[in-house]
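The values are calculated or read from the model by the stated rules, or taken from the named source; none is laboratory data. The structure displayed is predicted, hence computed values, not measured ones. For neighbour counting, all protein chains shown are included, and Cβ atoms are generated from backbone atoms with ideal geometry for every residue, glycine included. What goes into the accessible areas is simple: the full protein's heavy atoms, side chains included, and nothing from ligands, DNA or RNA. Shrake-Rupley method; radii C 1.70, N 1.55, O 1.52, S 1.80 Å.
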Amino acid sequence: MGNPKAFLTIPRKEAGYRPVNDRIHDFGEVEQTLNTRDRQEQASRCMDCGVPFCHWACPLGNKDPEWNDALYRGEWETAYKLLSRTNPFPEFTGRICPALCEKACVLYLTTGEAVTNRENECAIAERAYQEGYVTTVHPERNGRRVAVIGSGPAGLAAAHRLNRLGYGVTVFEKNEAAGGLLRYGIPNFKLNKKVIDRRIRVMEEEGIEFVYGCAVSIDNGKLTIDNCPASNNSQLSILNSQFDAIVIASGTPVARDLKAPGRELKGVHLALELLSQQNRVLAGMEFPKEERVTAKDKDVLVIGGGDTGSDCIGTAHRQGCRSVTQIEIMPKPPVGHNPNTPWPNWPVILKTTSSHEEGCTRRWNINTLEFIGEKGRVTGVRVQPIDWKPNPEGGRPVMVEAGAPEVIKADLVLLAMGFLKPEHPQYPDNVFVCGDAANGASLVVRAIASGLDTAAKVDKYLKKQ
Ligand SMILES: Cc1cc2nc3c(=O)[nH]c(=O)nc-3n(C[C@H](O)[C@H](O)[C@H](O)COP(=O)(O)OP(=O)(O)OC[C@H]3O[C@@H](n4cnc5c(N)ncnc54)[C@H](O)[C@@H]3O)c2cc1C
Ligand code: SF4
């Protein structure tokens with residue numbers, strides 16, 4: 001275990017973000033890193049408590065005390081080996097996991113200063129790449145083949161485990177590159193896309209085959225092509241070959257829309273229209289001016305108070321917006337502590353992200369009535385302050401008016417209200433669904449856990465055939 005008394009003398013130290021006036025001019029990652037001595041010192045604060053609730057809270061069951069101990073002792077390779085036993089992609093979660101483990105850390109309960117598990121995880125992963133501890137594995141092939149539909153974290157995790165179990169794995173991805181929302185949702189300032197490219201190279205070297213620009217679906221238990229550009233015709237022969245099992249990891253493709261009057265006005269967009277286009281622009285893609293969604297010189301209104309909305313705020317700042325306002329229909333969460341979500345549960349409390357710190361007006365209990373505009377373009381949104389009253393019949397609280405309607409001026413409106421949970425038909429026994437496609441919109445760490453779990457189910461099923 002770390003240093004049993006370190007938590008008494010060493011305070012939690014986060015690497016922190018780059019200064020606002022520096023970071024909002026580029027899309028580089030906002031988070032900084034600690035030097036090696038400070039990082040190891042932070043790991044020493046993990047005191048190997050009797051019942052490590054971090055194991056329980058992490059959907060992957062990461063063994064934080066074990067790798068924190070190795071990190072404290074400077075045994076970086078051992079730390080990576082322990083970490084990668086449960087987490088195939090610590091470089092992703094180390095950057096963008098909300099760190100469920102830290103909110104279940106015993107030090108969070110007792111001092112409010114959890115061990116910096118997420119940052120430690122990222123440091124271990126980065127050192128592993130630098131020092132060459134990330135090695136490729138070439139298992140003996142068992143002659144059976146599995147197709148994975150979708151290359152988001154769930155599909156990648158399923159492909160990784162199935163490949164290591166000896167299956168021949170082909171990943172079909174409708175986009176031009178791998179990563180799902182890691183690449184075309186999460187902004188570069190949270191996750192640099194080279195981090196994804198680096199992992200995909202390892203997976204390719206291990207023998208996983210990726211087919212891009214190819215949307216596929218399932219018909220009678222067989223893969224069928226929905227859309228595959230001519231450039232991929234050479235790949236189509238793959239589809240004719242038989243797969244012993246299919247894993248669907250296609251995410252939640254349909255965003256929740258807001259069917260208020262004026263929705264058709266120009267300048268009203270789903271959040272991902274902004275976010276995915278910006279990530280593509282940074283990858284070198286060009287868009288005609290009339291298709292470009294940009295916040296430059298605009299007053300931006302983000303509807304939806306969650307993480308996607310926050311990513312829109314950070315992106316709008318970097319594109320040069322005039323102002324950003326974020327509204328949310330639900331009440332403002334409690335600050336600091338919420339008795340309804342006691343430790344070790346994830347606390348539902350007010351979250352202020354790096355994007356919020358960059359400047360934003362935030363309002364809660366605001367309902368959207370209509371989009372208003374001139375000459376076909378949005379100029380503002382009519383909203384109304386509301387309140388939530390307990391439902392006398394039980395169930396969901398009732399929304400009541402709590403103020404006069406008003407107009408928030410906006411010439412770019414972004415709808416960040418979540419995604420619809422996909423429905424699936426009854427598939428044959430050899431078809432498995434995982435990640436957000438199975439569970440609805442969630443987190444990267446949950447998608448990875450679901451992908452690994454599904455791979456184990458595929459293996460169990462195929463071993464019986
Ligand atoms: C803007 C935004 C920011 C987020 N930020 C965070 C964060 O900071 N931390 C966090 O933990 N989570 C975050 N999330 C949530 C997280 O990204 C998702 O929960 C996670 O990516 C889900 O993984 P998945 O593999 O199930 O699906 P996805 O990542 O959605 O991947 C699905 C893939 O399947 C492909 N696909 C779909 N249909 C087909 C088809 N027919 N044929 C071939 N391919 C297909 C898609 O193109 C896509 O690449 C964020 C989500 C959004 C939208
Ligand atoms: S993946 Fe997330 S919850 Fe799990 S140990 Fe890492 S930071 Fe914590």
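For the reader, a short list of remarks on this structure follows.
- Residue count for region 206-223 under the criterion of being part of a strand (DSSP E or B), open to solvent by less than 60 Å² (accessible area, probe 1.4 Å) and not hydrophobic (A, V, I, L, M, F, W, C): the result is 2.
- Some residue of region 396-415 being within 14 Å of ligand 1 (Cβ to nearest atom), in contact (Cβ under 8 Å) with a residue 40 or more places away in the chain and either part of a strand (DSSP E or B) or on the phi < 0 side of the Ramachandran plot (or both): yes
A quick yes/no check of all residues on (1) more than 31 Å from the chain's Cα centre (by Cα); (2) exposed (fewer than 15 other Cβ atoms within 10 Å of the Cβ):
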| site | (1), (2) |
| --- | --- |
| Pro344 | no, no |
| Asn365 | no, no |
| Ile372 | yes, no |
| Trp388 | no, no |
| Ala402 | yes, yes |
| Pro405 | yes, yes |
| Val413 | no, no |
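- Beta carbons closer than 7 Å, at least 6 apart along the sequence or on distinct chains, pair a first residue in region 44-59 that is of a type in the set (Lys, Arg) with a second that is in a loop (DSSP other than H, G, I, E, B) and within 11 Å of ligand 2 (Cβ to nearest atom) for Arg45/Val115.
- Of residues in region 1-43 being in contact (Cβ under 8 Å) with a residue 40 or more places away in the chain and among the basic types (Lys, Arg), the one surrounded by the fewest Cβ atoms within 10 Å (Cβ to Cβ): Lys13
- Summed over region 374-386, the residues that are open to solvent by less than 50 Å² (accessible area, probe 1.4 Å) and either assigned to a loop (DSSP other than H, G, I, E, B) or hydroxyl-bearing (Ser, Thr, Tyr) (or both) give a count of 1.
- Taking region 65-81 as the range and being open to solvent by 40 Å² or more (accessible area, probe 1.4 Å) and free of Cβ contacts under 8 Å to residues at least 40 places away in the same chain as the test, the residues that pass are Glu66, Arg73, Glu75, Thr78.
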